[in-house]
1. Anything in segment 157-172 that is outside any loop (DSSP other than H, G, I, E, B), touching a residue at least 40 places away in the same chain (Cβ under 8 Å) and within 24 Å of Ile50 (Cβ to Cβ)? List them, or say none.
2. Here is a list: Asp97, Asp175, Asp147, Asp154. Which entry is closer than 24 Å to Thr52 by Cα, touching a strand residue (DSSP E or B) at 6+ places or on another chain (Cβ under 7 Å), surrounded by fewer than 17 Cβ atoms within 10 Å (Cβ to Cβ) and among the acidic types (Asp, Glu)?
3. From the list Leu156, Leu186, which residue is at pLDDT 95 or above, out of contact with any Pro (no Cβ under 9 Å at 6 or more places or on another chain) and closer than 30 Å to Pro96 by Cβ?
4. Go through segment 35-57 residue by residue and tally those that are without any contact (Cβ under 8 Å) to a residue 12 or more places away in the chain and among the aromatic types (Phe, Trp, Tyr).
5. Considering only segment 51-68, state which residues are of a type in the set (A, V, I, L, M, F, W, C) and more than 17 Å from Arg95 (Cβ to Cβ).
6. Which residues, taken from segment 183-206, are free of Cβ contacts under 8 Å to residues at least 60 places away in the same chain and either in contact with a helix residue (DSSP H, G or I) (Cβ under 8 Å, 6 or more places away or on another chain) or assigned to a helix (DSSP H, G or I) (or both)?
Amino acid sequence: MKVFRFLREMDYISVRKKICKISQLLYHRGLISGGDGNVSIRIKGVDRIIVTPSGYHKGLMEPNDLVVVDHEGRVLSGPKPTSELELHLRVYERRPDVFGIVHAHPPWTTALYLAGKEVNDPPILTEAHEVIGKVSVIPYAAPGSKDLADKVADALMDSRVCVLMNHGVVTCGCDLMEAFMLMESLENCSKVTVFTHLLGGPQSFISIPESPSKK
């Protein structure tokens, strides 16, 4: 039995390395600092989720630092999981198509939305409309709380990106790379949007086709 368990854990080594790589990218891109944020992958076909631990520097994490939990949040191996574990569990529960989640604190996006602005309103960037799509926004809820987890899960039912007011952003995707790319794209669009407003506001806009339901 111990041998089989060891072999199963070894199967996760590529997943663990991927989480560490994405976490390092988040740190080096300035999307998180130190122990901020959390990342997870749901393993296809088994009752397993691998998630970042609580209190670890994301730029320095190693594969063995990660935590394996089941879909109920029970720790199967590793240290204490992130305090935002409930958020990840709730999103996976509500979105069977999602296998990767990133929660970060991107400064340009956080500042943009705190100032009452949005990346798609007015529509000035093609990437914001075509790549990111709908950005859900939820009011402040205490980090790590069930209230926050429920609000994020609800908001991500019809989008892949959710801004948490006074906090940060959660992105999800069919895999972890998609979730990361959404986070990176959102932050870049937010930065351009902030500079556009500082320079006097947009002087041109992109055309968004009217949805069939509105015709």
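1. Gly168, Val169, Val170, Thr171, Cys172
2. None of the other options fit; the residue is Asp175.
3. Of the residues listed, the single one that is at pLDDT 95 or above, out of contact with any Pro (no Cβ under 9 Å at 6 or more places or on another chain) and closer than 30 Å to Pro96 by Cβ is Leu156.
4. Residues meeting the conditions: 0.
5. Residues satisfying the conditions are Leu60, Met61, Leu66, Val67, Val68.
6. Of everything in segment 183-206, those that are free of Cβ contacts under 8 Å to residues at least 60 places away in the same chain and either in contact with a helix residue (DSSP H, G or I) (Cβ under 8 Å, 6 or more places away or on another chain) or assigned to a helix (DSSP H, G or I) (or both) turn out to be Ser185, Phe195, Leu198.
The values are calculated or read from the model by the stated rules, or taken from the named source; none is laboratory data. Note that this is a predicted model, so its numbers are computed, not measured. Neighbour counts are summed over all protein chains in view; Cβ atoms, including those assigned to glycine, are modelled from backbone coordinates with ideal geometry.
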